[in-house]
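Below is one structure; the comments refer to it alone.
The values are calculated or read from the model by the stated rules, or taken from the named source; none is laboratory data. Just so it is clear, the model here is predicted, and its values are computed rather than measured. Here the Cβ positions follow ideal geometry from the backbone for every residue, glycine too, while neighbour counts run over all protein chains shown.
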Amino acid sequence: METAVTKTGTEDKIWGGGNKPLKVSYGKMMMWFFILSDALTFSGFLASYGFSRFKFIDSWPIADEVFNHFPFLHGVDAPMYYVALMTFILIFSSVTMVLAVDAGHHMKKKKVIFYMFLTIIGGAIFVGSQAWEWKNFIKGEYGAVETKGGQILQFVDGEGHRVGLKDIAVVNTHKDRAQHERKNGIWFKKEAALPTYTIEEIRKGFEKRKDLLIRTQTLTEKGQKTILSRTESLKRMQADAIGIVEGANLVHNEYGTPLFANFFFFITGFHGFHVFSGVVINIIIFINVILGTYERRKNYEMVEKVGLYWHFVDLVWVFVFTFFYLV
Amino acid sequence: MAHDTAHHESNIGRIWKVFILLSVVTIVEVILGIIKPAFLVETTLISMKLLNWIFIILTIYKAYYITWSFMHMEGETKGLRRSVVWTGVFLICYLVFILLTEGDYIYEVFRNGYVAWDF
């Protein structure tokens, strides 16, 4: 410091506040450390996903077969295209966010409003897409049979194409099994929804269609699912199969081990919750920008801070995308 | 104020460059994921497919650009950069290492443990 500068008597009081350690404002620094701790939470989830995956390294579901839907393209096998599109939308909303921050540095209110609007739209589309992914995942596509030991058996025809339960079942029209509803029971207990087909119907249909084979969870050397011979398949259907599974929830999962569904719901859900809260925070700041709060404050640092959070959401998605859909 | 608005240069050009870079990397990842070139799948390096290593390295590459450019980490002081990045990187590496090692061990137990799982 130059000698000519008058001392105010507060320079040495480091703990008295008012100065900026690391040359960054309090809010921004705290945002960084919040992001750090949140990153550790996410890496905890992803690392435990890796743990489970290594545990079932030779029977983990193949992501390409699970996430192969694209809007308006029914029955078309489109592995990963939709997630790739979602990734683009999120990266692009990150770009508009950084453009809004940049406009904020130059005090251009109109531009900040425009870019933040685009960011919010991008975030909303992303959350919507994730909901659609969940819907497809929960609903399932082909259905499968579960064994006593909790293994999943799927059906393929002679050429290795998947066959759905609805094409196999020989439906028994004289079913007298009614769902037990709450109003009928003396203890007001109800049972879960009955599956569309019973295991007997599937067994019968499987025996009738001679081309059908069973595909187990186990992966071959080449990373494909093992397909059993016809006699093996019949044996497993007779001895082990105890029920049918359609779609996925936290307990049963037609794609393979339930852990896959659990981690999918948990990690993408937690990330989706971050995107959702990011959109909400962005909307709040967006309204503030329109009201001119930051114009009066003479700086747009608040936009920068929510921007950090928004980029972090994008950063996490890059990893989730890799570990859930690619690896 | 953290930034003096008068001295803040616009870097819109760089933002778009980074966007194009991130997009290209993502497209490469998706193409590799769909084609799954045989030689990348069959070669393994430290008990993982080469293809998966490529995915992970490309992901870290993208993460670097998001943090450094979009989150403007390159403009922060060395102290802030290190206290955030080094802490995170160290703890994540440690966590991933112990959990994956343990997962691999449990896989071996499942396989060689004289207990039937597939029934």
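The single condition among (1) modelled with pLDDT under 85; (2) more than 8 Å from chain B (Cβ to nearest Cβ); (3) surrounded by fewer than 19 Cβ atoms within 10 Å (Cβ to Cβ) that A:Gly27 does not satisfy is (1).
Given the residues B:Thr87, B:Thr59, B:Thr26, which is the only one that is surrounded by 13 or more Cβ atoms within 10 Å (Cβ to Cβ), under 17 Å from A:Trp32 (Cα atoms), within 8 Å of chain A (Cβ to nearest Cβ) and hydroxyl-bearing (Ser, Thr, Tyr)? Unique residue meeting the criteria: B:Thr87.
Restricting the first member to region A:181-193 and to residues that are of a type in the set (A, V, I, L, M), and the second to residues that are at pLDDT 75 or above, the beta-carbon pairs closer than 9 Å and six or more apart or on different chains are A:Ala192/A:Gln179; A:Ala193/A:Gln179.
Are any residues in region A:83-124 more than 14 Å from chain B (Cβ to nearest Cβ) and over 18 Å from B:Leu22 (Cβ atoms), and if so, which ones? A:Lys110, A:Ile113, A:Met116, A:Phe117, A:Ile120, A:Ile121, A:Ala124, listed by residue number.
Are there any pairs with C-beta distances below 8 angstrom linking a residue in region B:32-47 that is among the basic types (Lys, Arg) to a residue that is part of a helix (DSSP H, G or I), with the two at least 6 apart or on different chains, and if so which? Qualifying pairs under 8 Å: B:Lys36/B:Leu51. Do the conditions hold for B:Tyr105, that is, is it within 18 Å of the chain's Cα centre (by Cα), at pLDDT 90 or above and either at the interface with chain A (Cβ under 10 Å from one of its Cβ atoms) or in a helix (DSSP H, G or I) (or both)? In short, no. Checking A:Glu181, A:Glu133, A:Glu146 one by one, the residue that is charged (D, E, K, R) and part of a strand (DSSP E or B) is A:Glu146 and no other.
Pairs meeting the criteria (first residue in region A:32-52 and within 18 Å of A:Ser277 (Cα to Cα) and buried (at least 19 other Cβ atoms within 10 Å of the Cβ), second residue among the aromatic types (Phe, Trp, Tyr) and at pLDDT 95 or above, beta carbons under 6 Å, at least 6 apart or on different chains) are A:Ile35/A:Phe312.
For region B:40-56, how many residues meet the condition of being at the interface with chain A (Cβ under 10 Å from one of its Cβ atoms) and either farther than 17 Å from A:Arg53 by Cα or buried (at least 17 other Cβ atoms within 10 Å of the Cβ) (or both)? Reasoning before the result, please.
Applying the first criterion (at the interface with chain A (Cβ under 10 Å from one of its Cβ atoms)) to region B:40-56 yields B:41-42, B:47-49, B:51-56.
Add one more test, that the residue is either farther than 17 Å from A:Arg53 by Cα or buried (at least 17 other Cβ atoms within 10 Å of the Cβ) (or both), and what stays is B:41-42, B:49, B:51-52, B:54-55.
So the answer is 7.
Quick one: is B:Arg111 part of a helix (DSSP H, G or I), more than 7 Å from chain A (Cβ to nearest Cβ) and surrounded by 17 or more Cβ atoms within 10 Å (Cβ to Cβ)?
Details: part of a helix (DSSP H, G or I): yes; more than 7 Å from chain A (Cβ to nearest Cβ): yes; surrounded by 17 or more Cβ atoms within 10 Å (Cβ to Cβ): no.
In short, no.
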